[in-house]
Amino acid sequence: MELIENLLQLLVTFAGACLAGFAYWKSRAQKYFLLFCFYGCFALGALYWTLYLLLFGATPRVFYVSEFGWVASMIFLRILQATLASQDEHSFRSRRAWLAPAFGVPLLAFYCAFGDILSNLIWCGIMIGLSYCAIRGLSYADTQTGAARNMRWFHIGVLCFVYAEYLLWTAGCFWPDTSLASPTFWCDMLLTLTILGLLPAVRKAVDA
């Protein structure tokens, strides 16, 4: 089942990279190029993991090869966030945005009890940053009217992605098995759906 879920994630991210690349070729909009980089880096990480599973029938021991690709994809997603946001959104202040560290820091402490501290610091730090900006952006979008409100779908998509990651990591701490009956498998499927949903969300944001 781990091979199936990774193959599906590879196909989704590869398809997302192709669609984002085609959108960039048509419009030359920098936002689509950044989305292409997000999907492309994520797909490269998934490709290494999937090939290792196919060739050796086991989870990669040197998982940092895939992790470099996945961390790079998160960085591109954060750059995309900053690029899509207007100057007014950047300067907007929202108390609700502090829910991101309030939720993420305790989870960081929890994950450090199960895995590598440096890796968890990097991942949770990125997720806290993504969710903070997404909540702030969502609060700002709610004050807007017309096409500007379309940005809210992008922020919702990023939040769904972040919390699907959190859910997957938490489930993996209790159910490391990836069988069909394991919650970890279904959490990974949910993450794949949120990754797919980022493409239409970015399209709405670009049209805003």
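Figures for the structure shown
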item: In Å², nearest 10: area of Lys204 left accessible to a 1.4 Å probe; result: 100
item: For segment 114-183 versus segment 92-107, the gap between their alpha-carbon centres in whole angstrom; result: 12
item: Most to least accessible of Arg96, Arg203, Arg136 (protein chains only, probe 1.4 Å); result: Arg96, Arg203, Arg136
item: Cα-based convex hull volume of the chain per residue, rounded to whole Å³; result: 111
item: Sequence ranges 174-181, 71-78, 149-156, ranked by mean other-Cβ count within 10 angstrom, highest first; result: 149-156, 71-78, 174-181
item: Carbon and sulfur %, accessible surface of the chain computed with the full protein complex present, 1.4 Å; result: 70
item: Solvent exposure of the chain as accessible area per residue, Å², 1.4 Å probe; result: 51
item: Value of relative contact order over segment 61-208, rounded to a whole percent, pairs C-alpha under 8 Å and six or more apart; result: 23
item: The chain - mean residue ellipticity at 222 nm from DSSP helices (-39,500 (n - 2.57) per run, n ≥ 4, rounded to 500); result: -28000 deg cm²/dmol
item: Kyte-Doolittle mean at least 0.5, axial Cα span of 24 Å or more - DSSP H helices of the chain; result: 2-27, 30-56, 64-84, 117-141, 151-174, 183-207
item: Highest-first arrangement of 114-123, 34-43, where packing means the average Cβ count within 10 Å; result: 34-43, 114-123
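The values are calculated or read from the model by the stated rules, or taken from the named source; none is laboratory data. Since this is a predicted model, take the numbers as computed values, not measurements. Positions of Cβ are generated from backbone atoms using ideal geometry, with glycine treated the same way; all protein chains shown enter the neighbour counts. Accessible surface is based on the protein model in full, side chains and every heavy atom, while ligands, DNA and RNA are left aside. Shrake-Rupley method; radii C 1.70, N 1.55, O 1.52, S 1.80 Å.
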